[in-house]
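Working notes for the structure below.
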Ligand code: ADP
Ligand code: MG
């Protein structure tokens, strides 16, 4: 919920641009929306007026779902509620808080667990890249604290580490409803440590973590090197593990490659099982796309799936991004069938985000003017105030180094400066850049903008 809260403004503004919502609609429908609560993968949004509920449900449920998934990488079902429904939810919520876990026949959903019910073993597609990690995850989920402890999953971004962790948590929770399960991102763990140190509540923090039966800590690489957080983590880890509680850790690399990690600690982390997830091969990518289209009731031809699988190779999150984009397209357009041509058109920005732009003098002029907020007319004029002249020199320097243009052509593009003044400008920057660190950092920043790769 915190993440949604934090990113709510971004979610709304993205929704507005991506789905071309007019200012007036936005003001009427979206600005008054309030986040109510999240429960079992459902995000409840409160509308000010009852009549908005039907309207929003029919019109914007999928759009919100898509944008939230894009921004938070989490899928929620969206439920709009109005003033009439409020007493029901407010009551339910308070019932939940006071409900007695032991007496309840149904599995008590531990709201604190941080577990995303949407990521399960059922919807994880196993390929050669993930077979081992998947089997290890299943083994741990079936026998928490007994087989591989800790389980250490590592691999690159968007390959399914977080998904597998939630899957373990969901499976374990279903089979052992009374176990206390906690999934935490390293970021949240760090924030909690900092917060508790600040407020002097570390003993509460420790007590809370030490009660956990299955602890999943995601992206541990972000903790390594942060001293007090790292220490807290290892103390917690050691205590849990020594008392037979399951610990599952993910990281972008194996323990032995984590530079600032002491030998003693990395060997502790390795003493359970270490499993990696690699990049999915073509067949796995197609299988993942099939599964995801089924789940979302999308129908895409084999040609389109093949096109996506051929163009998005490095991770699963990219595959999802491509599908989301096509889903948005089919929601917004009259075309019912997505052809390969449409897919090409819609996905080209995702395939090469900065469009493999050819570096031309024009591009350099645009980027440099924008960087220094100098109007183009000033550059093309004969004005020689310091900042205009320097900006012009920088353009000359970059044009010489990043294009094949002659000095004459460069001068021409700058409003007809002659060959010798171009040559002078380039010399000046070549000299100044060696001694002027501000100039150098500006030029480095501009180079990144014109040539991001
Ligand atoms: P990581 O944590 O490794 O960066 P995630 O677990 O967040 O990656 O995966 C990115 C997205 O791709 C998630 O939405 C996840 O559900 C999905 N995903 C990853 N691997 C698979 C898979 N094998 N089958 C189905 N979905 C997957
Ligand atoms: Mg992750």
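The figures follow:
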{"read-out": "Complete set of residues in the stretch 62-78 that are surrounded by fewer than 17 Cβ atoms within 10 Å (Cβ to Cβ) and in a strand (DSSP E or B)", "value": "77"}
{"read-out": "Residue 180 over 30 Å from residue 127 (Cα atoms), free of Cβ contacts under 8 Å to residues at least 60 places away in the same chain and either touching a strand residue (DSSP E or B) at 6+ places or on another chain (Cβ under 8 Å) or more than 14 Å from ligand 2 (Cβ to nearest atom) (or both)", "value": "no"}
{"read-out": "Matching residues in the stretch 166-180 - criterion: being within 16 Å of ligand 1 (Cβ to nearest atom) and under 13 Å from residue 247 (Cβ atoms)", "value": "168, 169"}
{"read-out": "The one condition in (1) closer than 26 Å to residue 252 by Cβ; (2) more than 12 Å from ligand 1 (Cβ to nearest atom) that residue 203 fails to fulfil", "value": "(1)"}
{"read-out": "Flag if residue 299 is away from ligand 2 (no atom under 16 Å from the Cβ), more than 30 Å from residue 76 (Cβ to Cβ) and out of contact with any strand residue (DSSP E or B) (no Cβ under 8 Å at 6 or more places or on another chain)", "value": "no"}
{"read-out": "Residue match in the stretch 142-149 (condition: modelled with pLDDT of 95 or more and within 30 Å of residue 290 (Cβ to Cβ))", "value": "no"}
{"read-out": "From the options 121, 132, 152, residue that is surrounded by fewer than 20 Cβ atoms within 10 Å (Cβ to Cβ), touching a residue at least 24 places away in the same chain (Cβ under 8 Å) and touching a strand residue (DSSP E or B) at 6+ places or on another chain (Cβ under 9 Å)", "value": "132"}
{"read-out": "Tally of residues being away from ligand 1 (no atom under 16 Å from the Cβ) and either free of Cβ contacts under 8 Å to residues at least 24 places away in the same chain or in contact with a strand residue (DSSP E or B) (Cβ under 8 Å, 6 or more places away or on another chain) (or both) across the stretch 302-336", "value": "7"}
{"read-out": "Subset of the stretch 246-287 [surrounded by fewer than 20 Cβ atoms within 10 Å (Cβ to Cβ) and within 21 Å of the chain's Cα centre (by Cα)]", "value": "252, 253, 276, 278, 279"}
{"read-out": "Hits in the stretch 203-222 - residues which are more than 17 Å from residue 151 (Cβ to Cβ) and surrounded by 14 or more Cβ atoms within 10 Å (Cβ to Cβ)", "value": "205, 206, 208, 209, 210, 222"}
{"read-out": "Given (1) farther than 30 Å from residue 119 by Cβ; (2) within 26 Å of the chain's Cα centre (by Cα); (3) part of a helix (DSSP H, G or I), index of the condition residue 20 fails", "value": "(3)"}
{"read-out": "Those residues of the stretch 116-165 which are over 10 Å from residue 277 (Cβ atoms), within 8 Å of ligand 1 (Cβ to nearest atom) and assigned to a helix (DSSP H, G or I), in sequence order", "value": "162, 165"}
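The rows are residues; the columns are (1) crowded, with 18+ Cβ neighbours inside 10 Å; (2) under 21 Å from residue 332 (Cα atoms).
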position: 19; (1), (2): yes, yes
position: 35; (1), (2): no, no
position: 40; (1), (2): no, no
position: 45; (1), (2): yes, no
position: 48; (1), (2): no, no
position: 55; (1), (2): no, yes
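The values are calculated or read from the model by the stated rules, or taken from the named source; none is laboratory data. Note that the structure is predicted; figures quoted are calculated from it, not measured. Heads up, the Cβs are rebuilt from the backbone with ideal geometry, glycines too, and the neighbour counts pull from every protein chain shown.
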